[in-house]
C-alpha cells in the first residue's frame, strides 16, 4: 500500500494537473512557436491549432494580439529590423574599415551575420506571406525594400500597420 501511494505521488497525475493549469502566457508562448498548418474552423473531431489556442488564451487573459510573443508578423518585424541594422553596419562601418584601414575582420564577421539574418528574413517573409495570404507583389515589395539601405524602415512601417490591423480585428469589443 505504501508503494502504491508512493507511485501515486510520483505518477503523471501531478504533471497533467500542472500542465492544464498553465493556461497563461508561457503556454501561449510555447504553442505559438510551432504554428499548425491546419488553421481553420474547429469541428468534426479536429483540435484547434496552436495559433488559435494562443490567440484565445491571450484574449482570455485580457492581452491584445500584438503582445503575443512571436507570431509571423512580429517575427518578420524583429528579424527585418536586425537584418537592416546589420546591413547598415556592414556598409558604413565594416566595408570602410576593410578598404580604408585594411582591416578585413569586421567584414568577415558582420558579413556572415548579415547573411544569416537575411536568410532568416526571407524565411520569415515567406511564412508571413503564406499565413496572411498576401499578394506576391506585397512580398516582392518587402523583399526589394530589404535590399536597399534604410529600406528596413519601410518594412517595419508596413509590418507595424499589419499588426495594428490584425489587432484591431481580433481584439474583443470591436464590432
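Observations on the structure shown:
- When restricted to residues that are surrounded by fewer than 16 Cβ atoms within 10 Å (Cβ to Cβ) and on the phi < 0 side of the Ramachandran plot, region 144-157 contains 6.
- Residues of region 119-143 that are buried (at least 16 other Cβ atoms within 10 Å of the Cβ) and over 22 Å from residue 166 (Cα atoms): 120 alone.
- Those helices (runs of 4 or more DSSP H) of region 85-175 in which 3 or more residues are in contact with a helix residue (DSSP H, G or I) (Cβ under 8 Å, 6 or more places away or on another chain) and free of Cβ contacts under 8 Å to residues at least 60 places away in the same chain occupy 95-100, 105-132, 136-147.
All of the numbers you see were taken from the coordinates with simple rules; none came from a lab. Bear in mind that the values here come from a model prediction, so they are computed numbers and not experimental data. Cβ atoms come from the backbone with ideal geometry, glycine included; neighbour counts cover every protein chain shown.
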